[in-house]
Amino acid sequence: MTDFFKGIAPIRHEGPETANEFAFRHYNPDEIVLGKRMEDHLRFAVAYWHSFAWPGGDPFGGQTFDRPWFGDTMDLARMKADVAFEMFDILGQPFYCFHDADVRPEGATFAESKRNLDEIVDYLGQKQEAHKARLLWGTANLFSHRRFMAGAATNPDPDVYAYAAATVKANMDATHRLGGQNYVLWGGREGYETLLNTDLKAERQHAGRFLQQVVEYKHKIGFKGAILIEPKPQEPSKHQYDYDVATVYGFLVEFGLEKEVKVNIEQGHAILAGHSFEHEIALAASLGIFGSIDMNRNDYQSGWDTDQFPNNHAEKALAFYEILRAGGYTTGGTNFDAKLRRQSLDAEDLILAHVGGMDTCARALKCAAALLESGELEAARKARYAGWDTPAAKAMLVGTLEQAAARVTAEGIEPEPRSGRQERLENLWNRYL
Ligand code: XLS
Ligand code: NI
Ligand code: NI
C-alpha cells in the first residue's frame, strides 16, 4: 500500500439524497437497467495517462502536480502502478487503459524501452490477478517523442515507419498478454502542417498499409479484441487524416478494412470536428463500426480539446441513447479520457473527478434507458418515415429513376409538407431528464 489515497475508503452508492461527497448518487453497479447491470452497460475505464502520467502543464507553464511516482526509474513506474490500482479499487470501475509511455520509462534504445514495457506489463498482470480492474485497451504513444514529430506511419522517413511498426507490435503484444479487450490507434501526428512539404497521397497510402499490417498481425497472434481508430480533426496536427467518423469510414473502405476496424469516439474530438458526440456515435453505429468511447468534455469557449470530466448529464444522455439504440457496447466501454484542471492538486480531486464523471454518465444512462423503454421517441421517429412502409414507396428503391418519376403524373403526387416537431420532441426529452 502507498499512502497517496490515505483515508479514502472505497466509494459506495448512497443515492441522490446523500450529503457524502465520497459516494455515488447515481452509479450503482448492480442496479438493473434495461435487463442489464449498470456496470455492464457503462463499462467504465480510467485513463492512465491523464490520471497518473500527466504533470499538469499547459502551453504557458510546466508541472503543477507533485506526485511521488514522477521520474523515470522502474521503481517509480511500479509505484505508479500501485497507486493506479489503489485508485481503481477505490472507484470500483472495471477497466483501465494505457499507452506504453504512461506505464514505463523511455529507454535509451528501442530494446531498453521494450524491456521496460515487458517488465511493467508483468507487474500489471500480477496487479490484475490481485485486483478487479482489467485492461479495456492498450495503445502506443506515437506522438510525444520528437522522433514522431513528422508522423509515425505517415512519416517521410521510412526508419520512423519501422520504429512505429516495432512500437505498435510491442504494444499489441502487451495488450494481448494482459487480456485487453481492444487495441486503439489514435493518429495524433498522422497528418500534416503544410502541404508545401507534404506528399499527401503517399502519406495516406502508408497509413492505410500500416493499418492493414496491424490487422494482419492481430489475426496472426490470435488477438480477439477489436482494433479501434480514434478520429480527431486536428490538434496536434493541423490536418489529420482521421478527421471524423465519416472520414475514417471512407479510409477503411479504401483499404478494405471496414469489417476489421471500428472507431473509438471521443466527445471532445467530435465537437472539434463540428459534430455532436451523438451524431458521431449514431453514424458509426449505422455504418457498423461503433466500438468504444472516450468520455470527456471540452471547454465550450476555448475551442481546444481540454479533456475535462463530464458534468452535464443532459448532454451525455443523448450519447447514451444512441449507444443503447445501437445495442450497447460489445468490447467497448466508457473510458474517461479526462484530466484534472492543473490547479486541482489533491489526491481527493482525482477521486472526486471520477466519481462525478461516473455519476454523470450513470444518470445519463438511466434517463436514456427510460426514454427508450417508453418507446415514445422511437414511435415518433417511426411515424415520420411510415410512408416508406408502402409497397409503392419500397418499389421505388429497387426500380429506376424513370419509374420513380412516373409516379408523380400517374398518381397525381403533390407532396404535403409535415411538421418535423422538433420542439415537441425536445420537450419530450426534457421530461426524461
Ligand atoms: C488525444 C487522444 C488520446 C487517445 C489515445 O487527444 O484522445 O488521448 O485517446 O492515444
Ligand atoms: Ni482519446
Ligand atoms: Ni482527446
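Consider region 302-316 and keep the residues that are within 16 Å of the chain's Cα centre (by Cα) and modelled with pLDDT of 95 or more. The one that is nearest to N430 (Cα to Cα) is K316.
Each row is one residue, and each column tells you yes or no for (1) within 16 Å of ligand 1 (Cβ to nearest atom); (2) surrounded by fewer than 18 Cβ atoms within 10 Å (Cβ to Cβ); (3) among the acidic types (D, E).
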residue: K6; (1), (2), (3): no, yes, no
residue: N28; (1), (2), (3): no, no, no
residue: K36; (1), (2), (3): no, yes, no
residue: H41; (1), (2), (3): no, no, no
residue: P55; (1), (2), (3): yes, yes, no
residue: G61; (1), (2), (3): no, yes, no
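Of all residues in region 293-323 being surrounded by fewer than 18 Cβ atoms within 10 Å (Cβ to Cβ) and either charged (D, E, K, R) or closer than 22 Å to A369 by Cβ (or both), which is farthest from ligand 3 (Cβ to nearest atom)? Residue satisfying both the conditions and the ranking: A314. Scanning region 340-364 for residues that are surrounded by fewer than 19 Cβ atoms within 10 Å (Cβ to Cβ), of a type outside the set (S, T, Y) and more than 21 Å from H26 (Cα to Cα) yields R341, R342, Q343, L345, D346, A347.
Scanning region 324-339 for residues that are under 24 Å from L371 (Cα atoms) and in a loop (DSSP other than H, G, I, E, B), we see that the one that is farthest from ligand 2 (Cβ to nearest atom) is G327. Out of curiosity, is T175 touching a residue at least 12 places away in the same chain (Cβ under 8 Å) and either at negative phi or among the basic types (K, R) (or both)? Taking the combined requirement at face value, the residue satisfies it. Residues in region 271-291 that are under 27 Å from R342 (Cβ atoms) and buried (at least 23 other Cβ atoms within 10 Å of the Cβ): F277 only.
Of A165, A152, A174, all but one fail to be surrounded by 24 or more Cβ atoms within 10 Å (Cβ to Cβ), part of a helix (DSSP H, G or I) and away from ligand 3 (no atom under 16 Å from the Cβ); the exception is A174.
Please verify whether region 181-191 includes one or more residues that are away from ligand 1 (no atom under 15 Å from the Cβ), touching a Lys or Arg at 6+ places or on another chain (Cβ under 8 Å), more than 20 Å from A150 (Cα to Cα) and not in a loop (DSSP other than H, G, I, E, B). No: zero hits.
Among residues of region 230-269 being part of a strand (DSSP E or B) and within 13 Å of ligand 3 (Cβ to nearest atom), the one that is nearest to L200 (Cα to Cα) is Q240. The C-beta contact set for region 209-226 (first residue at positive phi and modelled with pLDDT of 95 or more, second residue surrounded by 15 or more Cβ atoms within 10 Å (Cβ to Cβ) and part of a helix (DSSP H, G or I), distance under 9 angstrom, 6+ apart or interchain) comprises G222/H176.
Residues in region 199-243 that are over 15 Å from V184 (Cα atoms), under 18 Å from the mean Cα position of the chain (by Cα) and not hydroxyl-bearing (S, T, Y): P233, Q234, E235, P236, Q240. Considering region 63-81, and only residues there that are charged (D, E, K, R) and surrounded by 12 or more Cβ atoms within 10 Å (Cβ to Cβ), the residue that is nearest to L340 (Cα to Cα) turns out to be R67. The residue list Q126, Q63, Q93 contains one member that is more than 21 Å from the chain's Cα centre (by Cα), assigned to a loop (DSSP other than H, G, I, E, B) and not basic (K, R), which is Q63. Return a yes/no flag: does region 280-292 have any residue that is assigned to a loop (DSSP other than H, G, I, E, B), away from ligand 1 (no atom under 16 Å from the Cβ) and polar (S, T, N, Q). Scanning region 280-292 turns up no residue that is assigned to a loop (DSSP other than H, G, I, E, B), away from ligand 1 (no atom under 16 Å from the Cβ) and polar (S, T, N, Q). Only one entry of A285, A246 meets the criterion of being modelled with pLDDT of 95 or more and under 26 Å from G303 (Cα atoms), and that entry is A246. Scanning region 254-279 for residues that are away from ligand 1 (no atom under 16 Å from the Cβ) and among the aromatic types (F, W, Y) yields one hit, F255.
For region 332-365, the set of residues classified as away from ligand 1 (no atom under 16 Å from the Cβ) and either over 17 Å from M295 (Cα atoms) or among the β-branched types (V, I, T) (or both) consists of R342, Q343, S344, L345, D346, A347, E348, D349, I351, V355, T360, listed by residue number. Select from region 254-270 the residues that are more than 12 Å from P231 (Cβ to Cβ) and without any contact (Cβ under 8 Å) to a residue 40 or more places away in the chain and write down the one among them that is surrounded by the most Cβ atoms within 10 Å (Cβ to Cβ). If we take residues in region 254-270 being more than 12 Å from P231 (Cβ to Cβ) and without any contact (Cβ under 8 Å) to a residue 40 or more places away in the chain, then E258 is surrounded by the most Cβ atoms within 10 Å (Cβ to Cβ).
The values are calculated or read from the model by the stated rules, or taken from the named source; none is laboratory data. Please read all numbers here as calculations on a predicted model, not as lab measurements. Glycine also receives a Cβ, built like all others from the backbone with ideal geometry; neighbour counts cover every protein chain displayed.
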